[in-house]
Amino acid sequence: MNPARRQPQYLDLFLLTHRDAFASDSDQSARRSWWLIVGLMLLVAFFFSLILLVTSPQSLAVDVGQLEDVTGGVVPVVTFEGHDTFTNEYIYSVKVINQTGDPLVAGALFLVLSEVLDQSGKDVLGSLEVPNQDGNFGGKPYFMIPSGGLSEFPSYQESQSINVRLRSPDYVLFYPPSFHVLGIRRRATQSFETLIRQLMNDGVLSEEEAQQVLQPLDRLSL
């Protein structure tokens with residue numbers, strides 16, 4: 001037997017003897033890669049869910065109580081528009097001025113009718129009808145401020161006006177209504193952007209995956 005030919009035979013024997021170990025390492029590596037891909041997909045889906053929660057008016061309309069009270073920074077301006085003597089309905093035009101110093105997420109800004117005082121100083125909101133309210137939060141009617149086709153409501157800008165109709169079945173005289181304003185500051189979405197970019201820098205997300213997650217936030221900054 002030629003000794004030169006025995007070396008590959010020993011190599012073949014070694015590979016045959018340890019093939020289960022090699023296959024096991026390969027399977028473990030494949031499983032790790034598969035779970036990493038699944039984990040990244042779940043992470044991207046999680047961030048998309050967070051972003052949709054911040055940017056979707058439909059989601060926010062379901063639970064207005066999750067929004068920030070920005071009253072004081074966002075100032076309502078109430079203008080009396082008219083009175084229907086037949087129905088005793090008072091119509092007010094209301095717009096808001098963003099004085100927070102931060103842009104606000106458009107489509108996620110709400111006026112909550114907080115109180116209506118009669119001439120004696122008593123709150124008579126509970127006895128009034130509000131026929132055009134968009135919803136009710138904590139027993140208070142609220143109205144969604146239109147976005148005007150914009151992705152954000154810039155700082156130191158006025159919103160579009162909305163009409164608020166108040167009907168008094170008991171023909172009670174009252175002062176102009178008072179409002180609270182609920183919304184989301186644009187800076188609240190920036191924390192998501194910072195975290196996603198940090199994950200990309202750490203190698204957890206690829207640049208392409210990070211860009212896909214950041215696309216909704218990029219649209220907000222246009």
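Looking at the structure I just gave you, is residue 86 open to solvent by 40 Å² or more (accessible area, probe 1.4 Å) and part of a strand (DSSP E or B)? Explain how you work it out, then say what you get.
On the way: open to solvent by 40 Å² or more (accessible area, probe 1.4 Å): yes; part of a strand (DSSP E or B): no.
For residue 86, the condition - open to solvent by 40 Å² or more (accessible area, probe 1.4 Å) and part of a strand (DSSP E or B) - is not met.
Could you please find all residues in the range 176-197 being assigned to a helix (DSSP H, G or I) and either open to solvent by 20 Å² or more (accessible area, probe 1.4 Å) or at pLDDT 75 or above (or both)?
As a first pass, look at the range 176-197 and keep what is assigned to a helix (DSSP H, G or I): 187-197.
Once the filter is applied, which keeps residues that are assigned to a helix (DSSP H, G or I) and either open to solvent by 20 Å² or more (accessible area, probe 1.4 Å) or at pLDDT 75 or above (or both), the range 176-197 yields 187, 188, 190, 191, 192, 193, 194, 195, 197.
Tally up the residues in the range 110-133 that are within 27 Å of the chain's Cα centre (by Cα) and of a type in the set (Gly, Ala, Ser), please. Count: 1. Is there a residue in the range 76-98 that is hydroxyl-bearing (Ser, Thr, Tyr), within 18 Å of residue 142 (Cβ to Cβ) and at pLDDT below 95? The answer is no; no qualifying residue exists. Select from the range 94-113 the residues that are among the polar types (S, T, N, Q) and either assigned to a loop (DSSP other than H, G, I, E, B) or in contact with a helix residue (DSSP H, G or I) (Cβ under 8 Å, 6 or more places away or on another chain) (or both) and write down the one among them that is surrounded by the most Cβ atoms within 10 Å (Cβ to Cβ). Result: 100.
The values are calculated or read from the model by the stated rules, or taken from the named source; none is laboratory data. None of these values were measured; they are calculated from a predicted model. Don't worry about glycine lacking a Cβ; one is built from the backbone with ideal geometry, like all the others, and counts go over all protein chains shown. Surface areas here come from the heavy atoms of the whole protein model, side chains and all, with no ligands, DNA or RNA. Shrake-Rupley method; radii C 1.70, N 1.55, O 1.52, S 1.80 Å.
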